[in-house]
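Single-structure report; data block below.
The values are calculated or read from the model by the stated rules, or taken from the named source; none is laboratory data. Please read all numbers here as calculations on a predicted model, not as lab measurements. Note that each Cβ is placed from the backbone with ideal geometry, even for glycine, and that neighbours are counted across all protein chains shown. Note: accessible area is taken over every heavy atom of the protein model, side chains too, but ligands, DNA and RNA are not part of it. Shrake-Rupley method; radii C 1.70, N 1.55, O 1.52, S 1.80 Å.
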Amino acid sequence: MTGLSERYGGKMKDWKHSKGIGTIDRGGRFQSAEVHWFENGERKVGFKIKEWL
């Protein structure tokens, strides 16, 4: 995760991988998905849909 601290700032030890369930608007149709991202407390970056539910 060194690239995250170089790209977005903060300390490498503060960045962590997170995941959750979200509702995504797919052109007027809403669908649940498992979403992954990285965060360091106040900043969240790199959102990626891993699986449509």
Unmet requirement for residue 4, which otherwise passes all of (1) exposed (fewer than 12 other Cβ atoms within 10 Å of the Cβ); (2) in contact (Cβ under 8 Å) with a residue 40 or more places away in the chain: (1)
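Conditions (1) surrounded by 10 or more Cβ atoms within 10 Å (Cβ to Cβ); (2) within 12 Å of the chain's Cα centre (by Cα); (3) not aliphatic (A, V, I, L, M), marked per residue:
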| site | (1), (2), (3) |
| --- | --- |
| 11 | no, no, yes |
| 14 | yes, no, yes |
| 19 | yes, yes, yes |
| 22 | yes, yes, yes |
| 35 | yes, yes, no |
| 39 | yes, yes, yes |
| 49 | yes, yes, no |
Pair list, Cβ under 9 Å, 6 or more apart: the stretch 38-51 residue under 17 Å from residue 24 (Cα atoms) and in a strand (DSSP E or B), other residue open to solvent by 100 Å² or more (accessible area, probe 1.4 Å) and modelled with pLDDT of 95 or more: 50/19
Every residue from the stretch 2-36 that is closer than 14 Å to residue 47 by Cβ, hydroxyl-bearing (Ser, Thr, Tyr) and outside any strand (DSSP E or B): 8
